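Undergrad: So that we are looking at the same thing, I have put the structure below in structure tokens.
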Amino acid sequence: MALIKKQPRSKFYELLQAQIHNEFNASQQYIALAVWFDAEDLPQLAKHFYKQSVEERNHAMALIQYMLDTDHHVEIPGTGDVRNTFSDVTELIELALQQEKDVATDIQQLAKAARAEEDYIGEQFTQWFLKEQVEEISQMSTLLNIVKRANGNLFEVENHLHRESIGDGGADSGMPPVAGGAL
């Protein structure tokens, strides 16, 4: 007989559960982008988005670990629709940037809910994710600018990614613990 967690489900925890779905969906979308780049023989862009996929998966698993640590029931969701068809590289990067902006809004809502419920531990937990979204949005904005400046010369974008480091690759030592360990 499975034990049911005793903690009540607050709005904050309902939003956490929804964010697990969002993070897994973002991970799947980044795989779709990476595969598109792989099919177009753009290995640096593919590598970048494969890493982004793992990072989003780790974010979902950190949310799961937090819920486990705070004695809340966790439901592992399916993911939503994933877009696979694109006409040009700019479209992919714009989608990734919008996805990061949407996640930032979701994390802000989490922080607001925790504060409204006087869940100070939950509010503190969201702080790392807020900081992370600043980095993610900046990273995608930079990549979009590089793609636009390359004016169709994707080898310049590939060279830039090979030469320059964009983001921390998910190696932030301040990241909350990840269920099962970070990949």
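The values are calculated or read from the model by the stated rules, or taken from the named source; none is laboratory data. What you are looking at is a predicted structure, and each value in this text was computed from that prediction instead of being measured. For neighbour counting, all protein chains shown are included, and Cβ atoms are generated from backbone atoms with ideal geometry for every residue, glycine included.
Undergrad: Does any residue of the range 46-64 turn out to be touching a Pro at 6+ places or on another chain (Cβ under 6 Å) and over 30 Å from F155 (Cβ atoms)? Give the steps one after another, and end with the answer.
TA: Keep residues of the range 46-64 that are touching a Pro at 6+ places or on another chain (Cβ under 6 Å), which gives 62.
Keeping just the survivors that are over 30 Å from F155 (Cβ atoms) gives 62.
Checked against the condition, which is being touching a Pro at 6+ places or on another chain (Cβ under 6 Å) and over 30 Å from F155 (Cβ atoms), the range 46-64 yields at least one hit.
Undergrad: It is to be established whether one or more residues within the range 12-20 are of a type in the set (D, E, K, R), in contact (Cβ under 8 Å) with a residue 40 or more places away in the chain and either assigned to a helix (DSSP H, G or I) or buried (at least 17 other Cβ atoms within 10 Å of the Cβ) (or both). Show your work before the answer.
TA: Filtering the range 12-20 for residues of a type in the set (D, E, K, R) gives 14.
Next, only the ones that are in contact (Cβ under 8 Å) with a residue 40 or more places away in the chain stay: none.
Looking for residues that are of a type in the set (D, E, K, R), in contact (Cβ under 8 Å) with a residue 40 or more places away in the chain and either assigned to a helix (DSSP H, G or I) or buried (at least 17 other Cβ atoms within 10 Å of the Cβ) (or both), one finds none in the range 12-20, hence no.
Undergrad: Here is a further query. So I64 passes all but one of these: (1) more than 25 Å from L15 (Cα to Cα); (2) under 16 Å from the mean Cα position of the chain (by Cα); (3) of a type in the set (A, V, I, L, M). Which condition number does it fail?
TA: Single failed check for I64: (1).
Undergrad: Let me ask something additional. Scan the range 87-110 for residues that are in contact with a Phe, Trp or Tyr (Cβ under 8 Å, 6 or more places away or on another chain) and without any contact (Cβ under 8 Å) to a residue 60 or more places away in the chain and report the count.
TA: 1
Undergrad: Let me spell it out: the conditions are (1) aliphatic (A, V, I, L, M); (2) over 18 Å from Y13 (Cα atoms); (3) part of a helix (DSSP H, G or I), and M175 meets all of them except one. Which number is the exception?
TA: It fails just one condition, (3).
Undergrad: For the range 112-152, name all the residues that are among the acidic types (D, E), surrounded by 17 or more Cβ atoms within 10 Å (Cβ to Cβ) and under 23 Å from Q44 (Cα atoms).
TA: Just the residues of the range 112-152 that are among the acidic types (D, E), to begin with: 117-119, 123, 132, 135-136.
Cutting the leftovers down to surrounded by 17 or more Cβ atoms within 10 Å (Cβ to Cβ) gives us 119, 123, 132, 136.
Within the range 112-152, E132, E136 qualify.
Undergrad: Just the residues that are more than 15 Å from the chain's Cα centre (by Cα) and not aliphatic (A, V, I, L, M), please, taken from the range 95-126.
TA: Passing the criteria: Q109, K112, R115, E117, E118, D119, Y120, G122, E123, Q124, F125.
Undergrad: Okay, moving on. Inspect all residues belonging to the range 137-144 and state whether any of them is in a helix (DSSP H, G or I) and closer than 23 Å to F12 by Cα. Step through it out loud before you land on a result.
TA: Of the range 137-144, the ones in a helix (DSSP H, G or I) are 137-144.
If we keep only those that are closer than 23 Å to F12 by Cα as well, we get none.
No, because not a single residue in the range 137-144 is in a helix (DSSP H, G or I) and closer than 23 Å to F12 by Cα.
Table: residues versus (1) hydroxyl-bearing (S, T, Y); (2) touching a Gly at 6+ places or on another chain (Cβ under 7 Å); (3) part of a helix (DSSP H, G or I); (4) crowded, with 16+ Cβ neighbours inside 10 Å.
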site: Y30; (1), (2), (3), (4): yes, no, yes, yes
site: A34; (1), (2), (3), (4): no, no, yes, yes
site: A46; (1), (2), (3), (4): no, no, yes, yes
site: S53; (1), (2), (3), (4): yes, no, yes, yes
site: E56; (1), (2), (3), (4): no, no, yes, yes
site: Q65; (1), (2), (3), (4): no, no, yes, yes
site: H73; (1), (2), (3), (4): no, no, no, no
site: I93; (1), (2), (3), (4): no, no, yes, yes
site: L110; (1), (2), (3), (4): no, no, yes, yes
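Undergrad: I would also like to ask the following. When you go through (1) touching a helix residue (DSSP H, G or I) at 6+ places or on another chain (Cβ under 8 Å); (2) modelled with pLDDT of 95 or more one by one for K51, which number turns out not to apply?
TA: Looking at each condition in turn, K51 falls short on (1).
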